[in-house]
Amino acid sequence: HLVESGGDLVQTGGSLKLSCKAPRMITSTFNPATMGWYRQAPGKQRELVATITGGRNTDYAESVKGRFTISRDNSRKTVYLQMNSLEPEDTAVYYCNRHGKELPWGQGTQVTVAS
């Protein structure tokens, strides 16, 4: 249902842009859906990082405010997460999903920030 990509190994202070495609969501379902990016660090629970509504209102976890930007391209059924000023604490597997009515989780994409 969901395919995440764009993760990599970067140095502290670096940037990455993650992508999440939802090829099996029909357009009429994707476009109004609130989509979210989540992350799960080793030994920790999955946490919500950012959300974007169908109207493109956004919200962020305090830990990433001012550094991460979520966006969407409805024509491509894709959600993005631009991550700047990365810190070692951002190291995690990043997932996207429909917020509040989750679909089966994808494989995620690994982000590793080296100190």
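The values are calculated or read from the model by the stated rules, or taken from the named source; none is laboratory data. All values reported here derive from a predicted model rather than from experimental measurement. Neighbour counts are summed over all protein chains in view; Cβ atoms, including those assigned to glycine, are modelled from backbone coordinates with ideal geometry. Surface areas here come from the heavy atoms of the whole protein model, side chains and all, with no ligands, DNA or RNA. Shrake-Rupley method; radii C 1.70, N 1.55, O 1.52, S 1.80 Å.
Applying a threshold of 8 Å to beta carbon distances and a minimum spacing of six or more residues, or different chains, the list of pairs starting in region 45-62 at a residue that is closer than 11 Å to P32 by Cα and free of Cβ contacts under 8 Å to residues at least 40 places away in the same chain and ending at one that is open to solvent by less than 70 Å² (accessible area, probe 1.4 Å) and hydroxyl-bearing (S, T, Y) reads I52/T34; I52/T58; I52/S71; T53/T34; G54/T34; R56/S71.
So if I check each of T69, T27, which one is out of contact with any strand residue (DSSP E or B) (no Cβ under 7 Å at 6 or more places or on another chain), more than 18 Å from G108 (Cβ to Cβ) and of a type in the set (S, T, Y)? Before you say what the answer is, go through the steps one by one.
On the way: T69 fails: out of contact with any strand residue (DSSP E or B) (no Cβ under 7 Å at 6 or more places or on another chain).
Result: T27 is the single residue among T69, T27 that is out of contact with any strand residue (DSSP E or B) (no Cβ under 7 Å at 6 or more places or on another chain), more than 18 Å from G108 (Cβ to Cβ) and of a type in the set (S, T, Y).
Could you tell me whether M25 is farther than 24 Å from T91 by Cα, touching a residue at least 60 places away in the same chain (Cβ under 8 Å), open to solvent by less than 20 Å² (accessible area, probe 1.4 Å) and among the hydrophobic types (A, V, I, L, M, F, W, C)?
Details: farther than 24 Å from T91 by Cα: yes; touching a residue at least 60 places away in the same chain (Cβ under 8 Å): yes; open to solvent by less than 20 Å² (accessible area, probe 1.4 Å): yes; among the hydrophobic types (A, V, I, L, M, F, W, C): yes.
The answer is yes for M25.
Restricting to region 47-87, count the residues that are assigned to a loop (DSSP other than H, G, I, E, B) and open to solvent by less than 90 Å² (accessible area, probe 1.4 Å). Number satisfying all stated conditions: 13.
For region 32-46, taking the residues that are open to solvent by less than 50 Å² (accessible area, probe 1.4 Å) and more than 11 Å from the chain's Cα centre (by Cα), the one that is nearest to Y94 (Cα to Cα) is identified as A41.
Within region 74-101, residues that are charged (D, E, K, R) sit with their Cβ atoms under 7 Å from residues that are open to solvent by 40 Å² or more (accessible area, probe 1.4 Å) and part of a strand (DSSP E or B), at 6+ positions apart or across chains, in these pairs: K77/K21.
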